[in-house]
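Report on the structure given below.
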Amino acid sequence: SAVISQKPSRDICQRGTSLTIQCQVDSQVTMMFWYRQQPGQSLTLIATANQGSEATYESGFVIDKFPISRPNLTFSTLTVSNMSPEDSSIYLCSIPAGPPGELFFGEGSRLTVL
Amino acid sequence: AQSVSQHNHHVILSEAASLELGCNYSYGGTVNLFWYVQYPGQHLQLLLKYFSGDPLVKGIKGFEAEFIKSKFSFNLRKPSVQWSDTAEYFCAVRDTGRRALTFGSGTRLQVQP
């Protein structure tokens, strides 16, 4: 299995500010996924980050709000821009585990926006 | 777009009781099906999966799930739960051609000793 480290593990932020979440993997991977889990809701895919190309965003998510960087095969960042209380969520980084659909997950970054 | 429904949001059972958690998906094409589990303080991990073949699949810790194509369902079962099964359970579906998953909203299982 892979080790996925996310930073910060939790943070409390003020409305209107931005926060960057880091995801570090202990092996090289082509794809990384960013999910959001709002309180009491499902995990929702934000975007797929491929090294060397722009991230692919899911419906309802835009690059201006959630810019993603993927500078190499072991690292990615997700920025939550101009935050509002509705952005309070757990943000999860994940990578393919091998067989299609199997994923490894980080422990998540719990974000609270006041 | 694919959607996944888990109708039980919070389930409370006593130890040794039987468990069945419902999961239904919306898209009728070829899919792969998964149950993931998140134990308290831990990250999400795979419990079991269905790709093809026998629709009754067995996973870790005595869990099993049955794929019923006609009902678009993939319900999770365990004959006798333990206190250590207390966790949140997520059903997920992968449409062929995509690497990412669509998740249900999760079911919180609380097993009382």
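Pull up the range A:5-43, narrow it to residues that are modelled with pLDDT under 95 and among the aliphatic types (A, V, I, L, M), then point me to the one that is nearest to B:Thr107 (Cα to Cα). Ranking the candidates gives A:Leu43 first. Residues of the range A:59-78 that are in a strand (DSSP E or B) and surrounded by 19 or more Cβ atoms within 10 Å (Cβ to Cβ): A:Ile68, A:Arg70, A:Ser76, A:Leu78. Put simply, of A:Thr56, A:Thr48 the only residue that is open to solvent by 60 Å² or more (accessible area, probe 1.4 Å), among the hydroxyl-bearing types (Ser, Thr, Tyr) and under 25 Å from B:Ser3 (Cα atoms) is A:Thr56. Among the residues of this structure, B:Arg108 counts as one that is of a type in the set (Lys, Arg), open to solvent by 30 Å² or more (accessible area, probe 1.4 Å), within 14 Å of chain A (Cβ to nearest Cβ) and in a strand (DSSP E or B). When B:Ala92 is tested against (1) touching a residue at least 40 places away in the same chain (Cβ under 8 Å); (2) of a type in the set (A, V, I, L, M); (3) within 14 Å of another protein chain (Cβ to nearest Cβ); (4) in a loop (DSSP other than H, G, I, E, B), exactly one condition is not met: (4). Against the numbered list (1) open to solvent by less than 30 Å² (accessible area, probe 1.4 Å); (2) within 22 Å of A:Tyr35 (Cβ to Cβ), B:Val11 comes up short only at (2).
So which of B:Phe51, B:Phe34 is within 11 Å of chain A (Cβ to nearest Cβ) and open to solvent by less than 20 Å² (accessible area, probe 1.4 Å)? Selected residue: B:Phe34, the only one of B:Phe51, B:Phe34 that is within 11 Å of chain A (Cβ to nearest Cβ) and open to solvent by less than 20 Å² (accessible area, probe 1.4 Å). Condition check: among the hydrophobic types (A, V, I, L, M, F, W, C) and in contact with a Lys or Arg (Cβ under 7 Å, 6 or more places away or on another chain). Does B:Leu47 satisfy that? So B:Leu47 does not fit the description; no.
Counting the residues of the range A:22-45 that are open to solvent by 60 Å² or more (accessible area, probe 1.4 Å) and more than 15 Å from B:Arg98 (Cβ to Cβ) gives 7. Could you look through the range A:20-63, keep only residues that are more than 11 Å from chain B (Cβ to nearest Cβ) and of a type in the set (Asp, Glu), and pick out the one that is nearest to A:Pro8 (Cα to Cα)? Checked the range A:20-63; the qualifying residue nearest to A:Pro8 (Cα to Cα) is A:Asp26.
The values are calculated or read from the model by the stated rules, or taken from the named source; none is laboratory data. Fair warning: this is a prediction, and the values are worked out from it, not measured in the lab. Here the Cβ is made from the backbone with ideal geometry for all residues, glycine too, and neighbour counts use every protein chain on show. Heads up: the accessible areas ignore ligands, DNA and RNA and are worked out on the full protein's heavy atoms, side chains in. Shrake-Rupley method; radii C 1.70, N 1.55, O 1.52, S 1.80 Å.
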